[in-house]
Each structure stands twice: as C-alpha cells, then as structure tokens.
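Student: Following this message is one structure expressed as structure tokens.
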Amino acid sequence: MATKTAEGAGTGTGTGAEAHKDDETTAAVDARDGRAGHETAGEQAPEAAHDEASAEAARNEHGTDGEAGDATEAAGGKAPSGVGQGAGAVVSAALGLVSLSGGWIGTVASAREQLVGQLRTSSTASVARQLKEVYGDAWHTTALWAGLFALAALVTGVVVLVRPAFGAPGRPQAPWIRSVAWAGVSLGVIGLLLAVLKYSDALLGLPSAG
C-alpha cells in the first residue's frame, strides 16, 4: 500500500514537473511571438508612414501638374498665335515688290492719264507741251502710285516689327516674321525713294524738246 502511494506520488510529481515545463515552454514561445509581433509592427509602421507620404506627394504633384496645365492652356488660349503678324509681314514684302514694278493699277492709271493728255492737247500745241501732257503726266501718275504702294509696304512692315512691344510680354517674335517684315521695309524704302526721284523728274526726266 505504501509502495503504491509512493508510486502515485512519484507519478504525480513527474506529471506536475512536466506540466510546469510545458507551461514554461509555452510562455517562452508566447514571449518570443510577442517580441516578433512587436518588431513586425515596428517595421510596418515606418513603411506605412512612408507609403502614405509617397501617396500624398503624388497627389500634390498631380494637382500641381493639373493646375500648371490649366494655366498653360489658359495662357495659350489668350496669347497671340503670330498668324496675323506673319500675314502682315508677307503683305509688306508683297507691297514692296509692287512698288518697284508699278503694278497693274499704276499701269492703268498711267494709260488713262496719257489718254486724257492726248484729248486735252491740240495738234497745234508745242512739242514741249505735248510731251508734258501725254508722257510727263502719265509717268508722274505711275510714280505716284508706286510711291503709295511703297509707303504702304513701309508702314505695314514697321507695324509688324513693333507689334511685340504692345503684345504679350515674354513672347518673342518668330525669326521668319522679322526677316520678311524687314524685307518689306527695305523694299518700301527703296520704292519710295525711286518714286520721289521719278515724280520730281530727278530720275528719267522728260527729254528736252529743243
């Protein structure tokens, strides 16, 4: 009987020791898991903060780009395209060329003036008067129309060149527009000079009747 009791006590003691050991092992595992979970949470917190900051920066950048795009579109809609200035430069150059050639309207005006001179001049008039009425006035009319075209070319070219000063600031004029406008101004100056010389008979004047 005593032996059984001792064996039971020994068995109970062993079982209690094993249970105690299992409790310690479980506690150690739980503590290790708790530390691992704490470390994982500590690692995930900065990552989450970094992700949130990146998302916020992306939203701000997108909003800035959108606002910049809207501002650019608005500015582009209000800023001049330069088409009018280009057309003005081409017109100036064309008028300069017409002033040198006389143009069809100058030819018609000259022929009309010549016809009027023939009608007004009698056959008994002097040669000098006939030359003046028939040829001199016609040539003067051609020079007058050429001078008008030259003046129009000069004014148009100058307006195109000074237009950027009264337009949108910081928007440079296209180089080809300036080149064509300067060509129109140059042709206008030359045409105007030749017209003045011809109208005053300083260039290709009437021949002497004597």
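The values are calculated or read from the model by the stated rules, or taken from the named source; none is laboratory data. Only a predicted model underlies this, so the values are computations on that prediction, with no experimental measurement involved. Ideal geometry is used to build each Cβ from the backbone, glycine not excepted, and the neighbour counts take in all protein chains shown. When the accessible area is computed, the model is the full protein with side chains, heavy atoms only, and any ligands, DNA or RNA have been set aside. Shrake-Rupley method; radii C 1.70, N 1.55, O 1.52, S 1.80 Å.
Student: Could you calculate the contour length gain from Leu144 to Ser122, that is, 0.36 nm times the residue separation minus the distance between their Cα atoms, to one decimal place in nm? Don't jump to the answer; show the numbers that get you there.
Tutor: On the way: separation 22, 0.36 × 22 = 7.92 nm, distance 2.59 nm.
Answer, rounded to one decimal: 5.3 nm.
Student: Also: At 0.36 nm per residue, minus the direct Cα-Cα distance, what do Ser200 and Phe166 gain on full extension? Give it in nm, one decimal, please.
Tutor: Numbers: separation 34, 0.36 × 34 = 12.24 nm, distance 3.81 nm.
Stretched fully, the Ser200-Phe166 segment lengthens by 8.4 nm.
Student: Students often check this: by mean Cβ neighbours within 10 Å, which of 198-208, 112-122, 95-105 ranks highest, and how do the rest follow? Provide the component values of the computation, followed by the final result.
Tutor: On the way: 198-208: 12.3, 112-122: 14.2, 95-105: 18.3.
Ranked from most to least packed, the peptides come out as 95-105, 112-122, 198-208.
Student: Gly117: net charge of surrounding residues, Cβ under 15 Å, Lys/Arg +1, Asp/Glu -1, itself excluded?
Tutor: Numbers: positive: Arg112, Arg120, Arg129, Lys132; negative: Glu113, Glu133, Asp137.
Surrounding charge for Gly117 is +1.
Student: To continue, here is another question. Evaluate the distance, in nm, between pseudo-label points positioned 7 Å from the Cα of Val158 and of Leu97 along their respective Cα→Cβ axes.
Tutor: My value for the distance between the label points is 2.4 nm.
Student: On a full-extension model of 0.36 nm per residue, what is the gain between Thr107 and Ala174, subtracting their alpha-carbon distance, rounded to one decimal in nm?
Tutor: On the way: separation 67, 0.36 × 67 = 24.12 nm, distance 3.61 nm.
So the chain would gain 20.5 nm between Thr107 and Ala174.
Student: Then there is this: Determine how large the accessible area of Thr156 is when every protein chain is in place; take a 1.4 Å probe and give Å² rounded to the nearest 10.
Tutor: Thr156 exposes around 40 Å² with every protein chain in place.
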